[in-house]
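The values are calculated or read from the model by the stated rules, or taken from the named source; none is laboratory data. The structure presented is a predicted model; accordingly, all values stated were derived computationally and were not measured. So basically every Cβ, Gly included, is an ideal-geometry build from the backbone, and we count neighbours across all protein chains shown.
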Amino acid sequence: MATPEQVRAFLDRPWVRLRREKDRTIAARVAREGAESGLRMATQLRLHVEALGLALTDADRRADLEAAVRLRRLLDRAGRRQRRAR
C-alpha cells in the first residue's frame with residue numbers, strides 16, 4: 001500500500017509537461033515511420049490491455065458508444081439553441 005507521501009509525490013508530477021512530451025514523441029515517430037506506426041502502437045496497446053484482462057466486454061463497448069452518441073446529440077442540440085439565442 002502506498003504511503004500518503006508516495007501518493008502526493010505521484011500526484012505532484014508535471015503531468016501536463018509529460019503529456020506534451022509524449023504527444024511530441026508519438027507525432028515524431030508517426031511522421032518518421034508513417035501512419036502504419038500509429039496503427040501498430042494502437043494494436044500493441046489494445047493487446048496489452050487485453051492481456052491484463054482490462055478489455056471492455058461487448059456490452060460495455062455498446063454502452064460506451066450509446067453514451068457517446070447521446071452526449072453528441074445533447075451537445076448538438078445545445079449548440080443549435082445557443083445559435084438561435086443570438
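Tabulated results
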| quantity | calculated |
| --- | --- |
| Residue check, residue 56 modelled with pLDDT under 95 and either within 28 Å of residue 23 (Cα to Cα) or not in a helix (DSSP H, G or I) (or both) | yes |
| Condition check for residue 3: exposed (fewer than 10 other Cβ atoms within 10 Å of the Cβ) and without any contact (Cβ under 8 Å) to a residue 24 or more places away in the chain | yes |
| Unmet criterion (only one of (1) closer than 23 Å to residue 22 by Cα; (2) part of a loop (DSSP other than H, G, I, E, B)) for residue 50 | (2) |
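Rundown of residues vs (1) without any contact (Cβ under 8 Å) to a residue 12 or more places away in the chain; (2) not hydrophobic (A, V, I, L, M, F, W, C), yes/no style:
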residue	(1), (2)
21	yes, yes
25	yes, yes
38	no, yes
47	yes, no
51	yes, no
68	yes, no
74	yes, no
85	yes, no
